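To keep things clear, I will list the structure first and then write my remarks on it.
The values are calculated or read from the model by the stated rules, or taken from the named source; none is laboratory data. In this text, all values refer to a predicted model and were calculated from it rather than measured experimentally. All Cβ positions, glycine included, derive from the backbone under ideal geometry; neighbour counts span all protein chains shown.
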Amino acid sequence: MRRYAAPLLFLLPATILIVLFFLIPVVTTVFLSLTDISTVTFKNPSWVGLQNYRDLLVDPFIPKIFYNTGRYVGLTLLFNVGMGLVLALLTSLIPERHGDNFRTLWLVPRIMPPVVYVFVWQGLLARAPFGIISDLTGINQGWINSSPWTTIILANGFVGASFGMLIFTSAIRAIPRDLFYAAAVDGASTWQTVRRVVLPLLRWPILFVTVYQTLSLLTSFEYILLLTDGGPGLFKTTVWSLHAYKLALSNYFGNIEFGLGAAMATFLVVIGVIVSLVYMRVFNFRELVSEPKIEVN
Amino acid sequence: MTGVTVRLEGLVKHFGRVQALKGIDLTLTPGELVAFLGPSGCGKTTTLLLIAGIYKATAGQIFFDDRRIDHLHPRDRDIGMVFQSYALYPHLTMFENIAFPLRLQRVPKAEVKRKVEQTAELLGISEQLLRRPALVSGGQQQRAALARALVKEPRVLLLDEPLSNLDALIRLSARAEIRRLQKELGITSILVTHDQSEALAMADRVAVFSVGEVEQFATPEELYKAPATTFVAGFVGFPPMNLFEGRFNGAFEAKGLKIPLSPGHPGGKGYLGIRPEDIRFDGEIAARVLLVEVLGKDSLLTLEAAGHILKAMSLEGMQVAIGDELLLNFPVEKLHLFDAEGKRIQRQAS
């Protein structure tokens, strides 16, 4: 025991955080999902077993929300990772100072409060004379309502791409300069260098960004809440986490169903774990971590 | 495959305010192996990267035969290059690394296979072709890097410190092997190195670089026998030449030392040099032994004479101990004379 005292001591802070903010909430959520706890039954909830899950299965809107979630996560992810890659590559090709400045600018939305950021989008997309796009194109419409999905994906994507951009840029910088020289001497054009040398070497950071962004998109709903509130119309842009939030914490009808919301959240955790496992299989995780990612001799 | 003439004319390179190359003029004859030798920061690698097309020259021109190539992209220059780090692509097998230049040229698959296998055979790495670079030895990585440079049959081969990451033993055999291949293929080649024994052993001619300039471009023998400047004298040869600063006055006088010269030398300030192996022990210059380093057959002696520290090689069978007094002789015909700027003073016809 004494031998392990120091390692255990060092592990303690992280362990406390994981227990406090991950393990306890997961266990609580799973536990709550098996009860009928709500505003009405708050003082004496009763054990209902899997009833909440059964309710979800027969809810006519759940398939639609499930589909929305897939669409939202998939398309935003494509935009995020793709745009992050493009930005990282482009800003690495131009002189370093300009690249740094550009990346700094691109980070501004990320440090802005989401509410302010959404105000900017609303300013862009509102009807004339308030909306800039309507003013400029002469097509006077509420753009958020007419293309809610595009709005949501772009608003998320422009912020989200900066994460990939930073990770990919540092990964590109970690590639030894000689490899670029060698590729040039071997006869590669810029595009061939990117496709045949840079992208294969970015496999690990791409996996990391994809996994991280998938998980964070699955649980993020703040921009949707602020931009469309899940509408327009019935559940048009409602995603799983937004629905769980509404059921569990912000029910229009006043009866907040903690149990049902917890069941939805539990389902999301399961999906997240499955998705991570699939990614690891697809990207051959074991091989990635067993070898040096980039040779520096 | 026949090599080309490589001609550098007035190459100047600035990095911001730093002048890395002050004007390089060199002409390499076809099939020749030329070493760029110099301390780090002397501009030898910069010159190589200019020839490769990685850097653009601030001024000056580069010709392969009579074709000017300094405006071309590296891929259009028909060069092969080996890097100090080897720069093998870590995600590709050895086979794909060697095949890379051919794949970019869209060479038919069967021919790629034939050429890669042939080149690998030549370099003795046929057994390792399916492995990733990280899983083979440093020597094999170095060969793969050379194979990748040679597989497209370049007209000019550029070698940037290709041996400095190898173990001492492998380095010696790799030296001989590169030299053999280069002669066999007849490719005009440039070897950048800071290791003079490598340069002297491998090259037909050596360009000695000091800060941004070529001090001397000559055969190894000439560098050794008649260094053009004090810089070359102090850089080439192991141990380096002893140099004394002083004044020519019929004889050479440096504080406390007076060394006789053959008649007919100009006067004025300058330098006198003598190689440690040329010093004899039957003269009149009194010296005390400070240190004895046994090198095998001989010993390297560190001596002190009239406040000057110098090196000398012991003669076979000579017994020397620290503190011994010796009487040195600097044979007139072995002396190297340099003027106040450090330029060689040509020996008078005698």
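If you check residue B:143 against the conditions, is it farther than 20 Å from residue B:172 by Cα and either of a type in the set (D, E, K, R) or buried (at least 19 other Cβ atoms within 10 Å of the Cβ) (or both)? No: the conditions fail for residue B:143.
Residue B:86 falls short on exactly one of the conditions (1) more than 9 Å from chain A (Cβ to nearest Cβ); (2) part of a loop (DSSP other than H, G, I, E, B), and that condition is (1). Of the residues making up the stretch A:29-71, those that are over 14 Å from residue A:262 (Cα atoms) and of a type in the set (Gly, Ala, Ser) number 2.
Taking the condition of being in a loop (DSSP other than H, G, I, E, B) and either in contact with a strand residue (DSSP E or B) (Cβ under 6 Å, 6 or more places away or on another chain) or of a type in the set (D, E, K, R) (or both), how many residues in the stretch A:105-128 meet it? Lay out the reasoning, then the answer.
So in the stretch A:105-128, the residues in a loop (DSSP other than H, G, I, E, B) come out as A:107, A:112-113, A:126-128.
Add one more test, that the residue is either in contact with a strand residue (DSSP E or B) (Cβ under 6 Å, 6 or more places away or on another chain) or of a type in the set (D, E, K, R) (or both), and what stays is A:127.
Residues meeting the conditions: 1.
From B:232, B:208, B:192, grab the single residue that is part of a helix (DSSP H, G or I) and among the β-branched types (Val, Ile, Thr). I'd like the intermediate steps shown before the answer.
Working: B:208 fails: part of a helix (DSSP H, G or I); B:192 fails: part of a helix (DSSP H, G or I).
After ruling out the rest, the residue left standing is B:232.
Restricting attention to the stretch A:206-257, the residues being more than 18 Å from residue A:66 (Cβ to Cβ) and of a type in the set (A, V, I, L, M, F, W, C) number 11.
If the requirement is being among the small types (Gly, Ala, Ser), at positive phi and touching a residue at least 24 places away in the same chain (Cβ under 8 Å), which of these qualifies: B:87, B:99, B:20? Working first, answer last.
Working: B:99 fails: at positive phi; B:20 fails: at positive phi.
One residue alone meets the criteria, B:87.
Does residue B:30 meet the test of being away from every other protein chain (no Cβ under 14 Å), more than 21 Å from residue A:183 (Cα to Cα) and surrounded by fewer than 22 Cβ atoms within 10 Å (Cβ to Cβ)? Write out each step before concluding.
Details: away from every other protein chain (no Cβ under 14 Å): yes; more than 21 Å from residue A:183 (Cα to Cα): yes; surrounded by fewer than 22 Cβ atoms within 10 Å (Cβ to Cβ): yes.
Against the criterion (away from every other protein chain (no Cβ under 14 Å), more than 21 Å from residue A:183 (Cα to Cα) and surrounded by fewer than 22 Cβ atoms within 10 Å (Cβ to Cβ)), residue B:30 qualifies.
Is it true that residue B:22 is in a loop (DSSP other than H, G, I, E, B) and farther than 30 Å from residue B:140 by Cα? Judged against the criteria, residue B:22 is not a match.
Consider the stretch B:235-270. How many of its residues are in a loop (DSSP other than H, G, I, E, B), touching a Ser or Thr at 6+ places or on another chain (Cβ under 8 Å) and under 24 Å from residue B:197 (Cα atoms)? The number of residues fulfilling the criteria is 1.
Out of the stretch B:51-83, which residues are among the basic types (Lys, Arg) and in a loop (DSSP other than H, G, I, E, B)? Selection gives B:56, B:77. Of the residues in the stretch B:294-310, none is charged (D, E, K, R), in contact with a Lys or Arg (Cβ under 6 Å, 6 or more places away or on another chain) and closer than 26 Å to residue B:39 by Cα. The number of residues in the stretch B:54-82 that are within 14 Å of chain A (Cβ to nearest Cβ) and under 22 Å from the mean Cα position of the chain (by Cα) comes to 6. For residue B:284, only one of the following conditions fails: (1) within 23 Å of the chain's Cα centre (by Cα); (2) surrounded by fewer than 18 Cβ atoms within 10 Å (Cβ to Cβ). What is its number? Going through the list (1) within 23 Å of the chain's Cα centre (by Cα); (2) surrounded by fewer than 18 Cβ atoms within 10 Å (Cβ to Cβ), residue B:284 breaks only (1).
List the helices (runs of 4 or more DSSP H) that sit entirely inside the stretch B:90-178 and contain at least 1 residues that are within 12 Å of another protein chain (Cβ to nearest Cβ).
Per the criteria, B:94-104, B:138-150.
Taking the criterion of being within 30 Å of residue B:78 (Cβ to Cβ) and of a type in the set (S, T, N, Q), no residue of the stretch A:165-183 qualifies.
Conditions tested, residue by residue: (1) more than 20 Å from residue B:243 (Cβ to Cβ); (2) part of a strand (DSSP E or B).
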| position | (1), (2) |
| --- | --- |
| B:282 | yes, yes |
| B:285 | no, yes |
| B:303 | no, yes |
| B:346 | no, no |
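Please verify whether the stretch A:250-263 includes one or more residues that are outside any loop (DSSP other than H, G, I, E, B) and either among the polar types (S, T, N, Q) or surrounded by fewer than 21 Cβ atoms within 10 Å (Cβ to Cβ) (or both). For the stretch A:250-263, residues outside any loop (DSSP other than H, G, I, E, B) and either among the polar types (S, T, N, Q) or surrounded by fewer than 21 Cβ atoms within 10 Å (Cβ to Cβ) (or both): absent. The conditions are (1) of a type in the set (A, V, I, L, M, F, W, C); (2) over 16 Å from the mean Cα position of the chain (by Cα); (3) surrounded by fewer than 19 Cβ atoms within 10 Å (Cβ to Cβ), and residue A:78 fails exactly one of them. Which is it? The number of the failed condition is (2). Is it true that residue A:206 is surrounded by fewer than 21 Cβ atoms within 10 Å (Cβ to Cβ) and either under 28 Å from residue A:31 (Cβ atoms) or without any contact (Cβ under 8 Å) to a residue 12 or more places away in the chain (or both)? The answer is no for residue A:206. Restricting A:199, A:179, A:247, A:234 to residues that are over 18 Å from the mean Cα position of the chain (by Cα), aliphatic (A, V, I, L, M) and assigned to a loop (DSSP other than H, G, I, E, B) narrows the list to A:234.
Evaluate the following for residue B:273: is it touching a strand residue (DSSP E or B) at 6+ places or on another chain (Cβ under 8 Å), part of a strand (DSSP E or B), surrounded by 19 or more Cβ atoms within 10 Å (Cβ to Cβ) and in contact (Cβ under 8 Å) with a residue 40 or more places away in the chain? Yes.
Quick check on my filter: what residues within the stretch B:311-344 are on the phi < 0 side of the Ramachandran plot, outside any strand (DSSP E or B) and not hydrophobic (A, V, I, L, M, F, W, C)? Don't jump to the end; show me each part of the working.
The first filter runs over the stretch B:311-344 and keeps only residues on the phi < 0 side of the Ramachandran plot, leaving B:311-316, B:318-322, B:324-341, B:343-344.
Still in the list and also outside any strand (DSSP E or B): B:314-316, B:318-322, B:324, B:330-335, B:340-341.
The answer is B:314, B:316, B:319, B:324, B:331, B:333, B:334, B:341.
As a summary of the residue check, residue B:185 satisfies the conditions (1) modelled with pLDDT of 85 or more; (2) surrounded by fewer than 22 Cβ atoms within 10 Å (Cβ to Cβ); (3) within 22 Å of residue B:240 (Cβ to Cβ) except for the one numbered (3).
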